[in-house]
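Here's the structure we're looking at; comments come further down.
The values are calculated or read from the model by the stated rules, or taken from the named source; none is laboratory data. Here the structure is a predicted model, which means the values were calculated and not measured. Please note: Cβ atoms are built from the backbone with ideal geometry, for glycine as well, and neighbour counts cover all protein chains shown. When the accessible area is computed, the model is the full protein with side chains, heavy atoms only, and any ligands, DNA or RNA have been set aside. Shrake-Rupley method; radii C 1.70, N 1.55, O 1.52, S 1.80 Å.
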Amino acid sequence: RADGTVEVLDEAPGMLLGVDSPERSSAEVELRPGDCLVAYTDGLIERRGESIDTGLARVAEALACGDGADLEVVVDRLLAVDGRDRSDDTAVLAVRIRQA
């Protein structure tokens, strides 16, 4: 969020993108000016022998320092977090909501 808080959007879990599935779940969230939406692949958070919650906490901590930083800086921070231990493909997409 624009105020630096991090909210994990997990209201509509379902099949992964790329998996042939006739049904998809969805959810809505209100984004306000200054908020940043970050989408990523599992390679950013998953580590062998580590819980998903630990990986999510690591990403949330990096995002909490984003406080209005350029999106390129935000993505670079995310990719730098524990990057030495990354053994899976990683993709990150970040979008910031601007004033109308």
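To keep it simple, each residue is scored yes or no on (1) modelled with pLDDT of 85 or more; (2) open to solvent by less than 30 Å² (accessible area, probe 1.4 Å).
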{"site": "D35", "(1), (2)": "yes, yes"}
{"site": "A39", "(1), (2)": "yes, no"}
{"site": "V59", "(1), (2)": "yes, yes"}
{"site": "C65", "(1), (2)": "no, no"}
{"site": "V95", "(1), (2)": "yes, no"}
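State yes or no: is E28 exposed (fewer than 10 other Cβ atoms within 10 Å of the Cβ), of a type outside the set (G, A, S) and at pLDDT 85 or above?
Details: exposed (fewer than 10 other Cβ atoms within 10 Å of the Cβ): yes; of a type outside the set (G, A, S): yes; at pLDDT 85 or above: yes.
Spelling it out, E28 is indeed exposed (fewer than 10 other Cβ atoms within 10 Å of the Cβ), of a type outside the set (G, A, S) and at pLDDT 85 or above.
Just give me the residues in segment 70-93 being part of a loop (DSSP other than H, G, I, E, B) and modelled with pLDDT of 75 or more, in sequence order.
D70, V81, D89, T90, A91, listed by residue number.
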